[in-house]
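Enquirer: Before I ask anything, let me first share the structure, which is written out below as structure tokens.
The values are calculated or read from the model by the stated rules, or taken from the named source; none is laboratory data. Everything numeric here is computed off the predicted structure, so don't read it as measured data. Neighbour counts run over all protein chains shown; Cβ positions are idealised from the backbone, glycine included.
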Amino acid sequence: DQQVKQNSPSLSVQEGRISILNCDYTNSMFDYFLWYKKYPAEGPTFLISISSIKDKNEDGRFTVFLNKSAKHLSLHIVPSQPGDSAVYFCAASAETGTASKLTFGTGTRLQVTL
Amino acid sequence: DGGITQSPKYLFRKEGQNVTLSCEQNLNHDAMYWYRQDPGQGLRLIYYSQIVNDFQKGDIAEGYSVSREKKESFPLTVTSAQKNPTAFYLCASSSLRGLTDTQYFGPGTRLTVL
């Protein structure tokens, strides 16, 4: 049972445009959400997170939106740059403050073209 | 430089042999985790530990063992009982002192069983 879903395996965006990566979840107990970026053969790098008490969090070019009623979150990257080309994982936690068991989606491969 | 180190980067093992993957962190984090990534899939939790000399099974613990004798170290042993050990293994750590639990990852070890 996939509790965190990233339904788009890949996304191609032109440099300078907006990239929108989507993530859906089914477990209503999730209260903390994270996005990680991963290059091949490397560990994931933390990008941005959002708590369920917020609906938006922004950090530079990255903004995460959370729609709790729809159980949906999205990561916006503006403007997209070639260095953003990587696999992006959405993750969720239901045990804030403890050794949280993160549940990951299957990832979306973003390709930023020139 | 604070961070998480994993060694070796690549590891080859013959079928039927046990092998131990190293994970060390100097971030003074309380919790440590082991994940496994298979092609086209998200990360799946193997084991995690909140405190020295204590650890809990994750979603796919069968065929694996861990120890946590020091706060900085969380080695993972892949035993011969693990049916499909070839994968990319990732170690992570997090502080339990705040309200949220952002996990930071090491560079990973790719294990190939010959």
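Residues are listed down the side, and each one gets a yes or a no for (1) touching a residue at least 24 places away in the same chain (Cβ under 8 Å); (2) among the β-branched types (Val, Ile, Thr); (3) within 15 Å of B:Asn84 (Cβ to Cβ):
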residue	(1), (2), (3)
B:Gly16	yes, no, yes
B:Glu24	yes, no, no
B:Asp30	yes, no, no
B:Arg36	yes, no, yes
B:Leu43	yes, no, no
B:Ile51	no, yes, no
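Enquirer: Can you find even one residue in region A:68-84 that is in contact (Cβ under 8 Å) with a residue 60 or more places away in the chain and either under 30 Å from B:Ile46 (Cβ atoms) or of a type in the set (Phe, Trp, Tyr) (or both)?
Expert: For region A:68-84, residues in contact (Cβ under 8 Å) with a residue 60 or more places away in the chain and either under 30 Å from B:Ile46 (Cβ atoms) or of a type in the set (Phe, Trp, Tyr) (or both): present.
Enquirer: On to the next question. Which of the residues spanning region A:32-61 are within 22 Å of B:Thr109 (Cβ to Cβ) and under 13 Å from the mean Cα position of the chain (by Cα)? Steps first, please.
Expert: Quick first cut of region A:32-61, residues within 22 Å of B:Thr109 (Cβ to Cβ) only: A:36-46.
The answer is A:Tyr36, A:Lys37, A:Lys38, A:Pro44, A:Thr45, A:Phe46.
Enquirer: Would you confirm whether or not region B:93-101 contains a residue that is facing chain A (nearest Cβ under 8 Å) and either of a type in the set (D, E, K, R) or closer than 25 Å to B:Gly16 by Cα (or both)? Talk me through it step by step, then tell me what you get.
Expert: Restricting attention to region B:93-101, the residues satisfying the condition of being facing chain A (nearest Cβ under 8 Å) are B:94, B:96, B:98-101.
Narrowing the set further to residues that are either of a type in the set (D, E, K, R) or closer than 25 Å to B:Gly16 by Cα (or both) leaves B:101.
Checked region B:93-101: at least one residue is facing chain A (nearest Cβ under 8 Å) and either of a type in the set (D, E, K, R) or closer than 25 Å to B:Gly16 by Cα (or both).
Enquirer: Can you tell me which residue within region A:1-31, out of those that are over 14 Å from the mean Cα position of the chain (by Cα) and aliphatic (A, V, I, L, M), is farthest from A:Asp84 (Cα to Cα)?
Expert: Only one residue fits best here, namely A:Met29.
Enquirer: Look at region A:57-108 and say how many of its residues are closer than 28 Å to B:Met32 by Cβ, touching a strand residue (DSSP E or B) at 6+ places or on another chain (Cβ under 8 Å) and of a type outside the set (A, V, I, L, M, F, W, C).
Expert: 13
Enquirer: Another question, then. Looking at B:Tyr89, B:Tyr64, B:Tyr47, which one is in contact (Cβ under 8 Å) with a residue 40 or more places away in the chain and either hydroxyl-bearing (Ser, Thr, Tyr) or touching a Leu at 6+ places or on another chain (Cβ under 8 Å) (or both)? Don't jump to the end; show me each part of the working.
Expert: Numbers: B:Tyr64 fails: in contact (Cβ under 8 Å) with a residue 40 or more places away in the chain; B:Tyr47 fails: in contact (Cβ under 8 Å) with a residue 40 or more places away in the chain.
Every option except B:Tyr89 fails the conditions.
Enquirer: Same structure, new question: Of a type outside the set (A, V, I, L, M), outside any loop (DSSP other than H, G, I, E, B) and either at pLDDT below 95 or farther than 27 Å from A:Ala94 by Cβ (or both), is that true of B:Thr100?
Expert: no
Enquirer: Could you list all residues from region A:1-48 that are over 14 Å from A:His76 (Cα atoms), assigned to a strand (DSSP E or B) and of a type in the set (Gly, Ala, Ser)?
Expert: Once the filter is applied, which keeps residues that are over 14 Å from A:His76 (Cα atoms), assigned to a strand (DSSP E or B) and of a type in the set (Gly, Ala, Ser), region A:1-48 yields only A:Ser10.
Enquirer: Please note which strands (runs of 3 or more DSSP E) are completely contained in region B:26-75 and include at least 3 residues that are facing chain A (nearest Cβ under 9 Å).
Expert: Details: elements: B:31-37, B:43-51, B:54-57, B:64-66.
Where strands (runs of 3 or more DSSP E) fall fully within region B:26-75 and carry at least 3 residues being facing chain A (nearest Cβ under 9 Å), they are B:31-37, B:43-51.
Enquirer: For region B:5-14, enumerate the residues that are farther than 19 Å from B:Gly58 by Cβ and either outside any loop (DSSP other than H, G, I, E, B) or free of Cβ contacts under 8 Å to residues at least 24 places away in the same chain (or both). Explain how you work it out, then say what you get.
Expert: Within region B:5-14, the subset farther than 19 Å from B:Gly58 by Cβ is B:5, B:7-14.
Across region B:5-14, the qualifying residues are B:Thr5, B:Ser7, B:Tyr10, B:Leu11, B:Phe12, B:Arg13.
Enquirer: Only one of (1) surrounded by 15 or more Cβ atoms within 10 Å (Cβ to Cβ); (2) in contact with an Asp or Glu (Cβ under 8 Å, 6 or more places away or on another chain); (3) within 27 Å of B:Thr109 (Cα to Cα) is not met by A:Ala92, so which one is it?
Expert: Here A:Ala92 clears every test but (2).
Enquirer: Looking at this structure, is B:Pro85 surrounded by 14 or more Cβ atoms within 10 Å (Cβ to Cβ), modelled with pLDDT under 95 and either more than 7 Å from every other protein chain (Cβ to nearest Cβ) or in contact with an Asp or Glu (Cβ under 7 Å, 6 or more places away or on another chain) (or both)? So that I can check it myself, show each step before the final result.
Expert: Working: surrounded by 14 or more Cβ atoms within 10 Å (Cβ to Cβ): yes; modelled with pLDDT under 95: yes; either more than 7 Å from every other protein chain (Cβ to nearest Cβ) or in contact with an Asp or Glu (Cβ under 7 Å, 6 or more places away or on another chain) (or both): yes.
It is true that B:Pro85 is surrounded by 14 or more Cβ atoms within 10 Å (Cβ to Cβ), modelled with pLDDT under 95 and either more than 7 Å from every other protein chain (Cβ to nearest Cβ) or in contact with an Asp or Glu (Cβ under 7 Å, 6 or more places away or on another chain) (or both).
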